[in-house]
1. Any idea how far the Cα center of region A:325-373 sits from the one of region A:255-306, in Å?
2. Please report the net charge: other residues with Cβ closer than 11 Å to the Cβ of B:Leu250, K and R +1, D and E -1.
3. Among A:Gly18, A:Leu224, A:Leu236, whose Cα lies farthest out toward the positive end of the dipole of the protein assembly as shown, if unit charges sit on the beta carbon of Lys, Arg (+1) and Asp, Glu (-1)?
4. In vacuum, with every alpha carbon of region B:131-172 counted as one equal point scatterer, what does the Debye formula give for log10 I(q)/I(0) at q = 0.28, 0.32, 0.33 Å⁻¹? Two decimals, please.
5. What's the magnitude of the charge dipole for the protein assembly as shown around its Cα centre, counting Lys and Arg as +1 and Asp and Glu as -1 at the beta-carbon? Answer in Debye, nearest 20.
6. With the alpha-carbon atoms as the only input, what is the per residue convex hull volume for chain B in Å³?
7. For region B:393-405, just list the computed ³J(HN,Hα) in residue order, Karplus coefficients 6.51, -1.76 and 1.60, θ = phi - 60°, integers in Hz, with x standing in for Gly and Pro.
8. For region A:47-100, report the translational diffusion coefficient in µm²/s to the nearest whole number, using Stokes-Einstein at 25 °C, 0.890 mPa s, and a Kirkwood Rh over Cα pairs.
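Just so it is clear, none of the values below were taken in a lab; they were calculated from the coordinates. What you see is a predicted model; the values in this text were computed from it and never measured. Counting neighbours? That spans all protein chains shown, and the Cβs are built from the backbone with ideal geometry, glycine included.
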There are 2 protein chains.
Amino acid sequence: MTATDTDTFEESLNISPGKLAHDLESLPPTERADLWRGLSAEERSAAMPFLHDEIKEGLIETASVAELQNMTENMAASDVAHVIETVTEDVAQDIVDNLSDEAREYVQESLSFDEDQIGRWLRHDDLRFLDTGSVAKVMRRLKVRGLSKYTDKIFLVSRDASYQGAISLSSILEADETRLLVDLPKIENDCTFDPETKISEMATEFRKNHFISAAVVSGDGFLLGRITAEDAVTTLQDEADHQLMSMAGLDEEDDLFAPIGVSAKRRALWLGINLLTAFLASYVIGIFEATVQQLVALAVLMPIVASMGGIAGSQTLTIVIRGLALDKLNESNTRTLLVKELGVGVLNGILWATVVGLVAYAWFGNQALGIIIAAAILVNLIAAAFAGMLIPLALDRLNLDPALSGSVVLTTVTDIIGFMSFLGLATLFLV
Amino acid sequence: MTATDTDTFEESLNISPGKLAHDLESLPPTERADLWRGLSAEERSAAMPFLHDEIKEGLIETASVAELQNMTENMAASDVAHVIETVTEDVAQDIVDNLSDEAREYVQESLSFDEDQIGRWLRHDDLRFLDTGSVAKVMRRLKVRGLSKYTDKIFLVSRDASYQGAISLSSILEADETRLLVDLPKIENDCTFDPETKISEMATEFRKNHFISAAVVSGDGFLLGRITAEDAVTTLQDEADHQLMSMAGLDEEDDLFAPIGVSAKRRALWLGINLLTAFLASYVIGIFEATVQQLVALAVLMPIVASMGGIAGSQTLTIVIRGLALDKLNESNTRTLLVKELGVGVLNGILWATVVGLVAYAWFGNQALGIIIAAAILVNLIAAAFAGMLIPLALDRLNLDPALSGSVVLTTVTDIIGFMSFLGLATLFLV
């Protein structure tokens, strides 16, 4: 099944597959099942690739073997691979047996790569021609098969399928039909990808360079297929989604309308982790129980110190997480950014330390209390800038996701330093 | 200046404009100025559209009139419009005077729309043909001008430039050259946009339907130009960036390496707003000063109640903000989601209330204290689910940005309800 066929097939549907997937995901489970039952096999297989994992897997699990066979006949290799990984081994065999020889080969190739590698996702709808061919040959092929989406170039191969370079579709259209492909100018600095490249790296290259499509070439020089701007955009959107969701300990692939028990269980973990950090903060306060007992104003004011540190730190943290995601932070500019963030911390520390100090003094009529809370806020805002920089950088270096655990670690640091400095200074100088 | 020219021009650069913009943004100010000075006028005008606002405006402000004139000669109308809005009126006039008649007309048209409307951003590189023309005519034009990026269809117009529909490029390539365009099948359910459409609406439609390009047609039926997947993707990435950054009170258009004073001033506002909410929480604690004085364990434990509510609430909040951004929430499913979130709140409330209650009892050997903190956590987690749902929905209905102010309002609610329920119950039953 080539993508040209898929395109024609998509055009025959009354609703776009992306829109259909969107509608399915926006429905609560019972209505979703109703809509799904009403769809044709064609519509189901078209919508499937656009669904998020949990919903997709839910629908795969409820389908019969015959339905799965019908669906996978029309699917790209990467999507069939996902179906196969979801079902039991027996069902997987039934699905594979039903595929054409070519499709089966593509699916096996796809399954030989990890889910985060390009090889898993590459498409076989490239326009490839022997470099001995002519422009007329390309034009004839276009006349018969039309043009699949995101095609801005054709690929040249030698007789043994080894990759020889790319020619822009514009050059083809502009050239005389009698000319040989080998004589046309190839695209300079043509970018190709190894199938083992991480999809996030590929997406970053596409974003920076505004590529439309690129060849995927194996280590020994064979043209395997292509990857397009559509794949890059999907990856970038998933990453942006992931960043937003994981900062709250959520997974972007989860069903919005998952059963209450399932959702509660998932979120319980995040609450539990945060509870541990909250207990740590309580433990710190507990150390100074006697001090708080003597001056209860400390209990009234202490959340302010922790909260200001948390807010300031999360600003630095967000900037660093975004800088890492957009590949904008490197060895040479990290130091500059750290100095800047510390500077911002000091300036805002002085400003808000003064404000809070004066308010505390006015509220409780205690000058020393005002000075101490001011000092604690200054300390915590500087610590927050340090923590907001170093925590995500360290997590990133450890190959941990800074967006997922960054905020928990940061809050732990700013809570502890906030309570410790405020109550510690009070113990030393106030009571 | 047509986009075909721009494409050829981009190809003549040694580095892609997007990559150049990325490198400029990743450099601290002095190195950035050095790199900028070394660029040719062509490179500068190519990179400019890809820069974030603050950096772009900084570079525009330091450029001479002659440099600006050189740069804007090669720019799309929307980019010239941005330059014109940044400089003084005199300089703007010098720039406009230097443009070709056609370019000047496009810039004026662009400036007649708001920055968030399609009219501001539309491109004039569409392939348009009289519906009386033949396929041969299209092929001749392609031969002379090549194909600009993201061209998947041609547009048909009548003699008075009124829009008559679109034909896919595939259909053109597949058709016999002698056929008339009017006889070829038009794209069914062809989607066109009014120039006053909000770009975010356009981007959502492109995302759902996987459009490559679409015609922009005025209210009285004239074809004004086109909008492409590239514009949609840029908008979607800006929106995702905006969501992440604004949840920490930051602006995605800001320079990563802005001067310390400028950054400190920007972030001060966010810290100030959060300080107000922290003082509100302190005020609530202050009401119960006498109670805390009598039982200092309350001071030790109270941050746990507030923190658990904040974390649970921010999970619901994030889900709703993302649902709104992806256009997945509507009248009919909001109620279902609210019921679900409340259910999750109750289940996790019971679980963590029990855990915290037992720990508090074990820690302080006070059974009533354990029961009271458990009750307070249950109350706060249910309140958090309500607040996490209703705050972003209300802000969205008021046309306020839920991502920007949602978390501040939420934390205020969960802090106040947390402290109020814990210390209130303690005052009633414990001391």
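1. About 23 Å separates the Cα centre of region A:325-373 from the one of region A:255-306.
2. Numbers: positive: A:Arg322, B:Arg266, B:Arg267; negative: B:Asp241, B:Asp251, B:Glu252, B:Glu253, B:Asp254.
Neighbour charge sum, excluding B:Leu250 itself: -2.
3. Result: A:Leu236.
4. Values returned for q = 0.28, 0.32, 0.33 Å⁻¹ are -1.15, -1.24, -1.24.
5. Working: 62 positive and 124 negative charges, 497 e Å.
It works out to roughly 2380 debye.
6. On the way: hull volume 81.6 nm³, N = 431.
In chain B, the Cα convex hull volume per residue is 189 Å³.
7. 5, 5, 4, 4, 5, 7, 6, 9, 7, x, 5, 6, 9
8. On the way: Rh = 10.9 Å.
Approximately 224 µm²/s, per Stokes-Einstein.
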